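Data block below; observations after.
Throughout, read-outs are computed from the coordinates displayed, never taken from laboratory work. The structure presented is a predicted model; accordingly, all values stated were derived computationally and were not measured. Every residue, glycine as well, gets a Cβ built from its backbone with ideal geometry; the counts of neighbours run over all protein chains shown.
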Amino acid sequence: MTLIDSNVLIDIWTQDPKWLSWSTQEFSNCLARGEVAINPVIYSELSLGFATELDLEAAVKTACLTKLPLPFSASFASGRAFQSYRKRGVSSFHDSAVHQVASTGAIWSVSGSFHEQHRSRNLDLRRR
């Protein structure tokens, strides 16, 4: 199972000109290995680009994503990772959460932050 970062899905759903190819290939690789999952943190980030929860649910279903809970033990470990990341100059809590959940749950992690730290942009993931 792979826990996928919201940035990878956003790149695909918005057809980002810079990262679409990379994100599509990584997503395809994940699907080839097995289940691809998101957690509540990732789901909440994705929700910003959809008009309704039903729209987001349809996109999640179409992408064949498994929705995982975020266990409290992973949240605690994520807080510790966040503290460590902050000391090294990383400012994104989400990145620490994704990687800690991945390590505590023995899940692969593919993070859009590998190619860029949290790109700021207005999101509209609805099909145009």
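Worth pointing out:
- Only one entry of A77, A51, A81 meets the criterion of being surrounded by 17 or more Cβ atoms within 10 Å (Cβ to Cβ) and in contact (Cβ under 8 Å) with a residue 24 or more places away in the chain, and that entry is A77.
- The set of residues in segment 50-81 being touching a Phe, Trp or Tyr at 6+ places or on another chain (Cβ under 8 Å), under 24 Å from L31 (Cβ atoms) and not hydrophobic (A, V, I, L, M, F, W, C) consists of K67 alone.
- Flag if A32 is surrounded by 15 or more Cβ atoms within 10 Å (Cβ to Cβ), more than 15 Å from D5 (Cβ to Cβ) and among the small types (G, A, S): no
- Helices (runs of 4 or more DSSP H) contained entirely in segment 10-62, each with at least 2 residues that are over 15 Å from the mean Cα position of the chain (by Cα): 20-33, 53-62
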